[in-house]
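Step one of this worksheet: look at the structure below.
The values are calculated or read from the model by the stated rules, or taken from the named source; none is laboratory data. Just so you know, these numbers come straight off a predicted model, no measurement behind them. Please note: Cβ atoms are built from the backbone with ideal geometry, for glycine as well, and neighbour counts cover all protein chains shown. To get the accessible areas, we keep the full protein, side chains included, count just its heavy atoms, and leave off ligands, DNA and RNA. Shrake-Rupley method; radii C 1.70, N 1.55, O 1.52, S 1.80 Å.
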There are 2 protein chains.
Amino acid sequence: MTTELSPDALTGLLDQARRDYQDLAGRGLSLDLTRGKPAPEQLDLSEDLLSLPGGRHTSADGTDVRNYGGLQGLPELREIFAGALQVPAAQLLAAGNSSLELMHDCLVHALLSVLPGVESRWVEQERIAFLCPVPGYDRHFALCERFGIDMIPVPMTAEGPDMDVVERLVAEDPAVKGIWCVPKYSNPDGVCYSDATVARLASMTTAAPDFRIFWDNAYAVHHLTDEPVAIADLLAACAEAGNPDRTFVFGSTSKITAAGAGVAFFGSSPANVQWLLGNNAKRSIGPDKVNQLRHVMFLQDAEGLQAHMERQRALLQPKFEAVARILDAELGGTGLATWTSPKGGYFVTLEVQDGCAKEVVRRAAEAGIVLTPAGATHPYGDDPRDAVIRIAPSYPGLAELEQAIAGLAVCVRLVGYEQRVR
Amino acid sequence: MTTELSPDALTGLLDQARRDYQDLAGRGLSLDLTRGKPAPEQLDLSEDLLSLPGGRHTSADGTDVRNYGGLQGLPELREIFAGALQVPAAQLLAAGNSSLELMHDCLVHALLSVLPGVESRWVEQERIAFLCPVPGYDRHFALCERFGIDMIPVPMTAEGPDMDVVERLVAEDPAVKGIWCVPKYSNPDGVCYSDATVARLASMTTAAPDFRIFWDNAYAVHHLTDEPVAIADLLAACAEAGNPDRTFVFGSTSKITAAGAGVAFFGSSPANVQWLLGNNAKRSIGPDKVNQLRHVMFLQDAEGLQAHMERQRALLQPKFEAVARILDAELGGTGLATWTSPKGGYFVTLEVQDGCAKEVVRRAAEAGIVLTPAGATHPYGDDPRDAVIRIAPSYPGLAELEQAIAGLAVCVRLVGYEQRVR
């Protein structure tokens, strides 16, 4: 992001940005790019769910899905998602409507019950820490904060977290009990973990015997191109490396069918699955199996899931293309920002000049464009470079999105040139 | 349970019981009275749920129920249940498919986050204890056991727990942080708490400032007679007594609509509701609002709920009448047992001679009649008198139920006379 502009040229660009911003602010916009919410048209794709299961109330094995029981969830639904989540159906658990709940509950159970392979509960340790690849997902960080778990940022690379750093930290500190990973089309920067990263995660030596990888595969089937990315199978790699219990896999249909009324999944080694089922058995008499049957009837099978995600992509891809097109047109060559071109997932990461992110978000909000707070992509809301902005293009309509991104680009120019002039 | 039988008469009765048991065992029965599960016919009453909400996906205020958000649940659903649960709709939370989950999570949050009004978390205390009125609900006890919470049994009376005992224990021991209550048609003995009991619970002095009543109003609308029992409003009584945060109210539609696919509720003071919402906000992006809308459309309003429960009663009442009729015919006047005649709820409590319950359950199982394990109604599975057996008449068909109860009566005679002869 160097510049060789003359002082006059810079002043001219700043003046132009100020005029553009005045113009923007005068338009009384009210646009929201904060969260990765599906748009109504995406939810409409699953409209049939709303009248299913219709006259049917038994699962494939004859279970009455309306009654209590069936803690592991319907086998036929687990079969549909086994491939996408890279977990054998027998080691997969279909639960409620939120994978975040499952992550929360795994932390709770690790805090209050001993994990397989160890003798003491996390709550008895003086200190617990998690590695947090940054930029990352703010709701992961909020869980750590809520439970008093220290967060240690680890830089992301194009292949996933910097594994030299990860390997060093997990080897030297037994308080490091976990790492948050969004391995495919990661939130927010769209990174897909390389095979080498997965292999190193599976085989690295950890000082903590109860170290767990929280593998939040939220975007496993959420492709945006003709070349769907495949990542290596971490659960299998861990088993092969002699660390079978190292990984908790999470996923959900929140961004497949309905964001509030989908089904969440947990997958792991047999020992970990038994551990979670045992703890869940005290908490619940079973998940909503009617909703699971509804999903089975709607998606049918793995091919049905894939076909459904093609329809999702048809709605989402134009939005991501619009973001790229506008950012390129408005900010390309300015040296003021870089941005990601994700091949899937829900986010674009915009990186502005150091020290500018908060101010860009503030100026955008004043012009009626609400963004995720700057810093949210980092533990404790603290982006030390104050450079990362997360863009969530899914929810607004295409026209609104174009307005919002163009407006955001104005703010980036305004704040960027202001900083350079200073 | 005294008897003035001559030795000969007793021998004759025992011989007859032995013959009857041989006959019973030879019939190859396979009957299950273990759990309070709704029968398929009861679930059929809510068949319309399976194709709702149909074409609709917005709540009364225009919220798209398919998307994220709405942590407190749909206001219109909370309105329907506010009266039945005696909680103002604004202080009621509509959640997932299980009230047991909400109880579990309240314990988790109390262990790991400070409750309103105190400074430290339960997990930091050396010892936590709960009062457990006995006989009681085994899943409550299992939650305490899972979290290492000591359980102190308190005898039940016809008006609820023995309040002299409760008042003494909560006043003298700050480790006593809670009490389990099923205040209406209690599990398993059908007791309804008297107004005096509710008043004393609300106003008693507790050594623990963060003492909580876990008010599991599971059978609030589950009447079995023409005279529905009304209990006093504990939440209001606590507020009036200056202990507004003392009560957590729980309820669900598990035994109203669908046992696995209903909606659970939590109600409390504004401070406690904010506390739970704040903790839930880290765990979830909202409950399944589609299922909540489904329930609103199906039940319509409080009158619709009442009418639906009349239809439930029409299916359940004959089963409870059959239990009473058969026990009376087979065991009346024998002095071998007493049993409850609940005006609502899901259970009949059969009390046999001290030292006989486990053996009755064992003999019944050998004859193909499976009952809840003796002792399950007491903390740690330990009924010191070995006298209480819980009967769950809801699930079997009427003919099967009649067979099972008649068979159970044979076992009571067999074990009872065997004991007397010894």
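Structure notes:
- Subset of the stretch A:343-352 [open to solvent by 20 Å² or more (accessible area, probe 1.4 Å) and either farther than 14 Å from A:A409 by Cβ or of a type in the set (A, V, I, L, M) (or both)]: A:K343
- When A:S254 is tested against the conditions (1) open to solvent by 20 Å² or more (accessible area, probe 1.4 Å); (2) polar (S, T, N, Q); (3) within 14 Å of chain B (Cβ to nearest Cβ), the lone failure is (1).
- There is at least one residue in the stretch A:115-135 that is surrounded by 19 or more Cβ atoms within 10 Å (Cβ to Cβ), in a loop (DSSP other than H, G, I, E, B) and out of contact with any strand residue (DSSP E or B) (no Cβ under 6 Å at 6 or more places or on another chain).
- Boolean, A:R121 is free of Cβ contacts under 8 Å to residues at least 24 places away in the same chain, within 22 Å of A:A241 (Cα to Cα) and assigned by TED's automatic domain parsing to the domain that holds A:F266: no
- Residue in the stretch A:371-381 that is touching a residue at least 12 places away in the same chain (Cβ under 8 Å), of a type in the set (S, T, Y) and in contact with a Pro (Cβ under 6 Å, 6 or more places away or on another chain) present: yes
- Residue in the stretch B:169-178 that is open to solvent by 30 Å² or more (accessible area, probe 1.4 Å), outside any loop (DSSP other than H, G, I, E, B), in contact with a Leu (Cβ under 9 Å, 6 or more places away or on another chain) and in the same structural domain as B:A232 (by TED's automatic domain parsing) present: no
- Residue match in the stretch B:157-175 (condition: more than 14 Å from chain A (Cβ to nearest Cβ) and in contact (Cβ under 8 Å) with a residue 60 or more places away in the chain): no
- Single unsatisfied condition, A:T372 versus (1) closer than 22 Å to A:M156 by Cβ; (2) modelled with pLDDT under 95; (3) touching a Leu at 6+ places or on another chain (Cβ under 7 Å): (3)
- Hits in the stretch B:382-410 (condition: in a loop (DSSP other than H, G, I, E, B), among the aliphatic types (A, V, I, L, M) and touching a residue at least 60 places away in the same chain (Cβ under 8 Å)): B:A392
- Filtered residues of the stretch B:8-35 (kept if open to solvent by less than 40 Å² (accessible area, probe 1.4 Å) and either touching a strand residue (DSSP E or B) at 6+ places or on another chain (Cβ under 7 Å) or among the basic types (K, R) (or both)): B:L29, B:L31, B:L33, B:T34
- Among the residues of the stretch A:277-310, those that are open to solvent by less than 10 Å² (accessible area, probe 1.4 Å) and more than 20 Å from B:A261 (Cα to Cα) comprise A:L305, A:H308.
- Restricting attention to the stretch A:76-100, the residues being of a type outside the set (A, V, I, L, M) and either surrounded by fewer than 19 Cβ atoms within 10 Å (Cβ to Cβ) or closer than 10 Å to A:F266 by Cβ (or both) number 5.
- Where B:E119 falls short, out of the listed (1) within 24 Å of B:A220 (Cα to Cα); (2) among the acidic types (D, E); (3) more than 14 Å from chain A (Cβ to nearest Cβ): (1)
- Taking every residue in the stretch B:86-112 that is at the interface with chain A (Cβ under 9 Å from one of its Cβ atoms) and pairing it with any residue that is in a loop (DSSP other than H, G, I, E, B) and basic (K, R), at least 6 positions away or on another chain, the pairs with Cβ-Cβ distances below 9 Å are B:L111/B:R121; B:L112/B:R121.
- Output for the stretch B:36-56, where each listed residue is surrounded by 18 or more Cβ atoms within 10 Å (Cβ to Cβ), within 22 Å of the chain's Cα centre (by Cα) and facing chain A (nearest Cβ under 7 Å): B:K37, B:P38, B:L43
- Qualifying position, being open to solvent by less than 20 Å² (accessible area, probe 1.4 Å), outside the structural domain of A:H104 (by TED's automatic domain parsing) and touching a residue at least 60 places away in the same chain (Cβ under 8 Å), among A:V273, A:V323: A:V323
- Residue check, A:L5 surrounded by 14 or more Cβ atoms within 10 Å (Cβ to Cβ) and at pLDDT below 95: yes
- The number of residues in the stretch B:57-68 being surrounded by fewer than 20 Cβ atoms within 10 Å (Cβ to Cβ) and either under 18 Å from B:A90 (Cβ atoms) or away from chain A (no Cβ under 11 Å) (or both) comes to 4.
- Pairs linking a residue in the stretch A:197-217 that is not assigned by TED's automatic domain parsing to the domain that holds A:L169 to a residue that is open to solvent by less than 10 Å² (accessible area, probe 1.4 Å) and not in a loop (DSSP other than H, G, I, E, B), with Cβ atoms under 8 Å and 6 or more positions apart or on different chains, do not occur.
- Checked across the stretch B:147-156, the condition of being touching a residue at least 24 places away in the same chain (Cβ under 8 Å), closer than 20 Å to B:D383 by Cα, touching a Cys at 6+ places or on another chain (Cβ under 9 Å) and part of a loop (DSSP other than H, G, I, E, B) holds for no residue.
Let's see how each residue does on (1) open to solvent by 10 Å² or more (accessible area, probe 1.4 Å); (2) farther than 25 Å from B:Y137 by Cβ:
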| residue | (1), (2) |
| --- | --- |
| B:L336 | no, yes |
| B:D354 | yes, no |
| B:R362 | yes, no |
| B:E366 | yes, yes |
| B:P373 | yes, no |
| B:A376 | yes, no |
| B:V412 | no, no |
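- Among the conditions (1) in contact with a Lys or Arg (Cβ under 9 Å, 6 or more places away or on another chain); (2) over 21 Å from A:H140 (Cα atoms); (3) β-branched (V, I, T), A:V296 misses just one, which is (1).
- Filtering A:Y380, A:Y395 for residues that are touching a Phe, Trp or Tyr at 6+ places or on another chain (Cβ under 8 Å) and open to solvent by 50 Å² or more (accessible area, probe 1.4 Å) leaves a single hit, A:Y380.
- Filtering the stretch A:141-162 for residues that are under 21 Å from A:S269 (Cβ atoms) and touching a helix residue (DSSP H, G or I) at 6+ places or on another chain (Cβ under 7 Å) leaves an empty set.
- Residue within the stretch B:199-214 that is within 20 Å of B:A84 (Cα to Cα) and open to solvent by 10 Å² or more (accessible area, probe 1.4 Å) present: yes
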